[in-house]
Structures are given as C-alpha cells and as structure tokens.
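J.: The structure under discussion is supplied below as structure tokens; questions concerning it will follow.
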Amino acid sequence: MNTSEFQILSVLAKEKNMRKASERLFVSQPALSQRLQSIEKNWNTKIFIRTQKGLLITPAGEKIVEFAEEVLTKEAKVREDITSLDKEIYGTLKIAVATIIGQYWLPKVLKRFIQKYPNAKVSLVTGWSSDIVKSLYEDEVHLGIIRGNPEWKGVKKHLLRDKLYLVDTEIKELSELELTERPFIQFKSDSTYYQEIQVWWHKKFQAPPKRTIVVDQIETCKQMALNGIGYAILPSITLQDDYDNIKKIPLEEDEVSNLHRDTWLIGYESSFNLKQVEAFLEVLEEYHHGGI
C-alpha cells in the first residue's frame, strides 16, 4: 500500500460515510469505492461494511486503520524533520488555541505569519484549554495557546494579560449587582474561568445573581450585553472596539489590582526546534513589539 491508500482508510474511518469521505478526498464516490475494493483485496479481508447509517468498521479493519494512522503520523514527522533542515520555511504549523484567542487575537498574528512565510501551512484547532492540553499530550499539535494558569512541565511562555470587565448598558457601579433584576449573561467556557468569577463574586456579595442566561459562544454573550438584554463579564480582549452606550467596569480584586485572565503559549522543547515554529515565535515577538 502507498500513503494515498493509507489516507483513504484514515478519512473513511473518521467520516464513516462514503459521500463525505469522497468530498474530503476530492474524488468521486464510484472511484473511492473502487479504491476501497482494491485495498480490501490486497489485505484479503473486509475493512468496512456498508449499512443504511454509513460505514461500519470491522475488527480487522480497526487493526488496518490503526496501522495506517501510525504510518501517516510517522511520514508527517519525517517530512517535518527533512524540511526543518532547509533554510526556507516549509512544513505545517499545527496550533491548538483557546476559542477566544482564535477569534479575537490570533488572526492578525497568523496573517503576518502567512505573508512572511508563504510556503508554510497552518493547521488550526480551537477549543477549551483542557482540550488543547490533551492535543499536546497526544502529539497532535506543535503549540498550544491556552487561558488561565496551567500546570505544564514543558515550555511555557506568557503572551498577554487582559482585565475582566462588567459590561452593561445600564449598570454603572458594581454595587448595583446585588439588587438588579437584570440577567447575568454567561457563555460556556472551561471551568477555571467561572471558578475565578464565582470566587470574586462571593467575596463581594452575599447572594448569587438573581437571574442567569447561558449561551454557547462568547460573541453571542457579548452581543446580547451590547443590545441591553443583560450584563456580562468579559475579558478586555473582546472589547477592543469603541461601543456607544456601553459601560465597562473593571472587576476590582482588591485595592490595587483587578481580576484578570492570562494567556500562555505552551509546547514541548522538541517542537520549538522546528523551523516553522521558530518562525511563528519570531512573528509573535514582532507583534509584541509593535511590528505588526
């Protein structure tokens, strides 16, 4: 088998659907079906069984797909090692970032990286910080950009610190939170984010918020607050634009400091030796010094 056939098995195992797999592989369904039959003939066993709900992998197929994934991973690693020897920046930069960073901060950095190194590719995954750490442990990405204060034994670089603000169209002072009937609009996030807010809240107030609304995305939460539906607690990274009729009140932690959220770049030492990773770090330095 060649690597293209390994790729076919990998995609089929992930999609479990001939149509979706053919779209990802940019081939027709009949052509893909024929390739699969040829692969199964070479292995002298059935790898997938077609059902009304899609493809069902056989026990033998699980072993073969596992082998295919190992080969693809090793091939990608060898290619990265080879390209790291070149002076030009090639290869794929694999990053997993916290959703909020991918939405509000990273696009400017990646734009500069792509402009400066057009031969490099970028593979970007967004999600919660806990998922990003898992991706690093499983060697799926080179770098992770996460929120909070993680326990990480590899390389760990501080990127930014942003304050947390109460955002609302009506509330002018934090003391009003104890009496207001306005809903507290929250967005789903990793547990540490709301743990920090809950600790702060209980230090300041005797009772929890009277009403809450929970939404899936931070941008939805922000827009609801901007449109006067309720109040939200948002990091400053999401509030870079000027907004009319919106009040931003910093969450005072004590007399000299405000509640804040840190962002960290993490990874293993071996990844930091790759040319594309070194190039990305250079772009990050340019960004911090106003070069972008």
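The values are calculated or read from the model by the stated rules, or taken from the named source; none is laboratory data. This structure is a prediction, so every number in the text was calculated from the model and none was measured. As a convention, Cβ positions derive from the backbone with ideal geometry for all residues, glycine included, and neighbour counts pool all protein chains shown. Protein only, heavy atoms only, side chains kept; ligands, DNA and RNA dropped before computing areas. Shrake-Rupley method; radii C 1.70, N 1.55, O 1.52, S 1.80 Å.
J.: State log₁₀ I(q)/I(0) for segment 10-134 at q = 0.14, 0.16, 0.18 Å⁻¹ as given by the Debye formula over alpha-carbon point scatterers of equal weight, solvent excluded.
T.: Here log10 of I(q) over I(0) equals -0.88, -1.01, -1.09.
J.: Under the definition of Cα pairs under 8 Å and six or more residues apart, what whole-number percent is the relative contact order of the chain?
T.: The normalised contact order for the chain reaches 21 percent.
J.: Measure nothing but the geometry: give the 0 to 90° angle between the long axis through the Cα atoms of 106-116 and the longest principal axis through the Cα atoms of the chain, rounded to 10°.
T.: 50 degrees
J.: A further question follows. Among bridges DSSP assigns within the chain, what percent are antiparallel (round to 5)?
T.: Of the beta bridges lying entirely in the chain, close to 60 percent run antiparallel.
J.: In addition: Would you calculate, for the chain, the mean residue ellipticity at 222 nm contributed by helices, counting each DSSP H stretch of 4 or more residues as -39,500 (n - 2.57) and dividing by all residues, to the nearest 500?
T.: Result for the chain, helices only: -13500 deg cm²/dmol.
J.: What does segment 78-230 give for Rg and for Dmax, in Å, if only its C-alpha atoms count?
T.: 19.8, 64
J.: Project the alpha carbons of segment 150-270 onto their principal axes and report the range along each, largest first, in whole Å.
T.: Computed over segment 150-270, the largest-to-smallest principal extents equal 52, 30, 27 Å.
J.: Going by Cα centres, segment 99-152 and segment 262-292 are how many Å apart?
T.: 10 Å
J.: Also: Once you keep just the Cα pairs under 8 angstrom separated by 6 or more residues, what percentage relative contact order results for segment 135-292?
T.: About 43 percent, as a whole number.
J.: Enumerate by residue number the GluC sites (Glu not before Pro) in segment 120-195 meeting two conditions: DSSP loop (anything except H, G, I, E, B), and at most 16 other Cβ atoms within 10 Å of the site's Cβ.
T.: E138, E140, E151, E170, E173, E181
J.: Less than 23 Å apart at the alpha-carbon level, and either on another chain or at least 8 residues along: which lysines does that give for K134?
T.: K14, K74, K77, K94, K121, K153, K156, K157, K188
J.: Leaving out ligands, DNA and RNA, what percent of the accessible area of the chain is carbon and sulfur, probe 1.4 Å?
T.: 49 percent
J.: On to the next question. Using the eigenvalues of the Cα gyration tensor, what equivalent ellipsoid semi-axes result for segment 10-72 when each is taken as the square root of five times the eigenvalue, whole Å, largest first?
T.: Equivalent ellipsoid semi-axes, largest first: 17, 13, 12 Å.
J.: If you don't mind, another one. What distance in nm separates the simple spin-label points at I246 and Q34, each placed 7 Å from Cα in the Cβ direction?
T.: Going by the 7 Å Cα→Cβ label model, 5.6 nm.
J.: Follow-up question, since we're still on this one. Hey, of (1) 1.03; (2) 1.07; (3) 1.18, which did the structure itself give for Rg/Rh (Cα atoms, Kirkwood Rh) when calculated?
T.: (2)
J.: Among Y137, I171, G91, which residue has its Cα positioned farthest towards the positive end of the charge dipole of segment 76-178, with +1 placed on the Cβ of Lys and Arg, -1 on the Cβ of Asp and Glu, and the dipole taken about the Cα centre?
T.: Farthest along the dipole direction, towards plus: G91.
J.: Provide the per residue accessible area, probe 1.4 Å, for the chain, rounded to a whole number of square angstrom.
T.: Dividing the accessible area of the chain by its residue count gives 58 Å².
J.: Let me ask you something else. Please give me the summed charge of the neighbours of P209: other residues whose Cβ is under 14 Å from its Cβ, Lys and Arg +1, Asp and Glu -1.
T.: With Lys, Arg at +1 and Asp, Glu at -1, the net is 0.
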